[in-house]
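Okay, so here's the structure we're looking at.
The values are calculated or read from the model by the stated rules, or taken from the named source; none is laboratory data. Since we're looking at a predicted model, the values are computed, not measured. When we count neighbours, we look across all protein chains shown, and the Cβ atoms used for this are built from the backbone with ideal geometry, even at glycine.
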């Protein structure tokens with residue numbers, strides 16, 4: 001058996017305990033330490049995951065040569081500095097979403113990891129859920145046909161964040177999922193974002209994001225901190241079938257509908273007309289069986305495998321950068337009153353593919 005890799009979790013606040021619990025339970029990892037500026041909080045988390053070492057000084061932690069990797073679960077504004085220090089110390093790095101608070105900082109992290117021969121992984125947790133893995137599989141095998149639209153809703157009551165708007169707080173989940181399930185990834189050249197601040201909180205609390213996709217398809221993301229009801233749903237329409245993912249329905253998270261609109265072309269007096277051959281398809285509905293396993297456990301396993309195999313993880317730094325590029329463009333569009341805004345960086349990616 002391969003030896004366990006040793007990891008430290010930096011940040012014992014909201015997300016750090018979830019990471020620590022999964023790394024402690026993983027057969028691939030030995031949780032070696034918890035690091036947080038608040039010693040009492042770090043010690044409390046340590047006591048729950050096996051009384052591992054506690055640090056309040058990141059530099060002291062990174063000097064240890066018995067630690068292979070770190071998982072960063074701190075505010076986004078600190079990701080860049082912490083990741084670069086960890087990479088400089090020779091540690092592999094996993095970073096909570098979003099990858100950074102700005103695209104150029106995220107790019108510096110990706111480039112540094114690449115130059116150092118180290119793994120940089122974005123903690124896009126939803127991409128490791130059984131439901132999203134199944135959606136990706138169905139799209140890749142052509143079960144839905146060509147994608148026509150994606151409509152995603154992520155709304156609930158709170159928590160209103162002190163340092164970011166609703167787009168930066170909630171949309172990274174939806175954007176990372178779209179990037180993961182589409183064969184071409186998330187590469188819109190333009191987008192538009194509309195937001196509202198009806199509470200006077202100083203930032204958008206309700207938001208709508210529209211992203212053109214390949215071949216005339218479109219994606220729409222609705223995020224909201226003010227809804228009294230919680231909805232986590234994505235509808236993906238294809239030329240063959242439509243899939244509905246309801247993350248809050250454990251009995252039937254995914255439903256696949258063999259229903260839709262078929263358009264054909266026929267010539268009428270030498271002129272091509274589509275409207276003359278519209279038909280509606282009303283077929284069966286089915287729900288694939290999904291295994292019950294925690295996404296973070298799968299993500300921990302993927303992080304370990306990518307290190308051992310010296311390869312990029314499924315949600316690598318580049319995936320984190322694609323999400324960051326969309327978030328930054330959304331902020332520019334929002335400031336411009338919802339105007340269509342270019343997504344920087346994707347022109348070069350598309351040119352490289354072509």
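The residues on offer are 312, 329, 301, and the sole one that is surrounded by 12 or more Cβ atoms within 10 Å (Cβ to Cβ), modelled with pLDDT of 95 or more and over 22 Å from residue 121 (Cα atoms) is 329.
Every condition in (1) out of contact with any strand residue (DSSP E or B) (no Cβ under 7 Å at 6 or more places or on another chain); (2) modelled with pLDDT under 95 is met by residue 258 except one, and the failing one is (1).
Among 210, 256, 223, which is the only one that is part of a strand (DSSP E or B) and more than 20 Å from the chain's Cα centre (by Cα)? One residue alone meets the criteria, 256.
Considering the range 226-253 alone, what residues qualify as being part of a loop (DSSP other than H, G, I, E, B) and touching a residue at least 40 places away in the same chain (Cβ under 8 Å)? Don't jump to the end; show me each part of the working.
Just the residues of the range 226-253 that are part of a loop (DSSP other than H, G, I, E, B), to begin with: 239-241, 247-253.
Of everything in the range 226-253, those that are part of a loop (DSSP other than H, G, I, E, B) and touching a residue at least 40 places away in the same chain (Cβ under 8 Å) turn out to be 239, 240, 241, 247, 253.
Considering only the range 9-91, give the strands (runs of 3 or more DSSP E) lying wholly within it that have at least 2 residues that are farther than 18 Å from residue 119 by Cα. First the steps, then the outcome.
Numbers: elements: 29-35, 53-55, 69-72.
Filter on the range 9-91 gives 29-35, 53-55.
Kindly indicate whether any position in the range 70-87 is without any contact (Cβ under 8 Å) to a residue 12 or more places away in the chain and within 19 Å of residue 8 (Cα to Cα). Yes - at least one qualifying residue is present in the range 70-87. Among (1) in a helix (DSSP H, G or I); (2) within 30 Å of residue 24 (Cα to Cα); (3) at pLDDT below 95, where does residue 292 come up short? That leaves (1) as the condition not met.
Just one of the numbered conditions (1) out of contact with any strand residue (DSSP E or B) (no Cβ under 9 Å at 6 or more places or on another chain); (2) without any contact (Cβ under 8 Å) to a residue 60 or more places away in the chain; (3) under 27 Å from residue 327 (Cβ atoms); (4) outside the structural domain of residue 253 (by TED's automatic domain parsing) is not true of residue 103: (2).
Got at least one residue in the range 261-282 being at pLDDT below 95 and under 23 Å from the mean Cα position of the chain (by Cα)?
Filtering the range 261-282 for residues at pLDDT below 95 gives 261-282.
Now narrow it down to the ones that are under 23 Å from the mean Cα position of the chain (by Cα): none.
No, every residue in the range 261-282 fails to be at pLDDT below 95 and under 23 Å from the mean Cα position of the chain (by Cα).
Candidates in the range 304-328 are the residues that are part of a helix (DSSP H, G or I) and out of contact with any helix residue (DSSP H, G or I) (no Cβ under 9 Å at 6 or more places or on another chain); of these, the one that is farthest from residue 99 (Cα to Cα) is 308.
Every condition in (1) under 25 Å from residue 67 (Cα atoms); (2) touching a strand residue (DSSP E or B) at 6+ places or on another chain (Cβ under 6 Å) is met by residue 294 except one, and the failing one is (2).
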